[in-house]
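One structure is given here, and the rest of the page talks about it.
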Amino acid sequence: MDPPAPLSERLRALRYYVNNLAPGLRSFWIHYSDRVRIAEFMIDDLVRLGPVDPVAAAAAHYSTPRAVVLNSDGVLLGTIEQAGASPRALDAMNSNPQTIRPDMTPRLAAQLLRSNPYLIVTTEKGKYLGRYVPKLSSC
């Protein structure tokens, strides 16, 4: 049997438990603190494809990603980064794009953008909302 974690370690991990087990407290704090959120810097300009749609529909869009692949409920399945890689969106998509929630801060987004070419904004249930476009003043 493992010994219990020291008090300092349990206190450090407390914020993660509150975030996951009591999302109402988190939502209240975000609203109360009136902080700048990612939702203020997001746009919805990507081509939307279903899993069996042809990738050619995304060829005209030149940003990265070129398109998002969604199921019938609008839940993000993946992103199309290169047009023409495969005829069907399901075969050509990146099934694990970096996502972020709309209430996150631009500071967190800037950290994630250091190792990711783009950020997709989704709800906690995975519903696609848009992509994060950093402003010069937010980074």
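In table form, for the structure just shown:
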| read-out | value |
| --- | --- |
| Matching residues, segment 89-105, being outside any loop (DSSP other than H, G, I, E, B), of a type outside the set (Val, Ile, Thr) and open to solvent by less than 40 Å² (accessible area, probe 1.4 Å) | 89, 92 |
| Number of positions in segment 53-83 that are open to solvent by 60 Å² or more (accessible area, probe 1.4 Å), polar (S, T, N, Q) and more than 18 Å from residue 116 (Cα to Cα) | 1 |
| Residue 129 being surrounded by 15 or more Cβ atoms within 10 Å (Cβ to Cβ) and either under 28 Å from residue 35 (Cβ atoms) or touching a Phe, Trp or Tyr at 6+ places or on another chain (Cβ under 6 Å) (or both) | yes |
| Filtered residue count, segment 64-106, keeping only those that are closer than 16 Å to residue 48 by Cα and touching a residue at least 60 places away in the same chain (Cβ under 8 Å) | 2 |
| Residue check for residue 86: at pLDDT below 85 and open to solvent by less than 30 Å² (accessible area, probe 1.4 Å) | yes |
| Selection count where residues are in a loop (DSSP other than H, G, I, E, B) and over 13 Å from residue 73 (Cβ atoms), scope segment 122-136 | 5 |
| Residue in segment 107-126 that is nearest to residue 38 (Cα to Cα), counting only those that are among the hydroxyl-bearing types (Ser, Thr, Tyr) and without any contact (Cβ under 8 Å) to a residue 40 or more places away in the chain | 123 |
| So residue 30, is it surrounded by fewer than 18 Cβ atoms within 10 Å (Cβ to Cβ), at pLDDT below 80 and not polar (S, T, N, Q) | yes |
| Some residue of segment 36-45 being over 13 Å from residue 131 (Cβ atoms), open to solvent by 40 Å² or more (accessible area, probe 1.4 Å) and either assigned to a loop (DSSP other than H, G, I, E, B) or modelled with pLDDT under 85 (or both) | yes |
| So residue 11, is it free of Cβ contacts under 8 Å to residues at least 24 places away in the same chain and outside any loop (DSSP other than H, G, I, E, B) | yes |
| Residue within segment 19-26 that is at pLDDT 80 or above and not in a loop (DSSP other than H, G, I, E, B) present | no |
| Test: residue in segment 65-72 that is over 17 Å from residue 43 (Cα atoms) and more than 9 Å from the chain's Cα centre (by Cα) | yes |
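The values are calculated or read from the model by the stated rules, or taken from the named source; none is laboratory data. No experiment lies behind these values; they were computed from the predicted model shown. Backbone-built Cβ (ideal geometry, glycine too); neighbour counts: all protein chains shown. These accessible areas exclude ligands, DNA and RNA; they are computed on the full protein's heavy atoms, side chains included. Shrake-Rupley method; radii C 1.70, N 1.55, O 1.52, S 1.80 Å.
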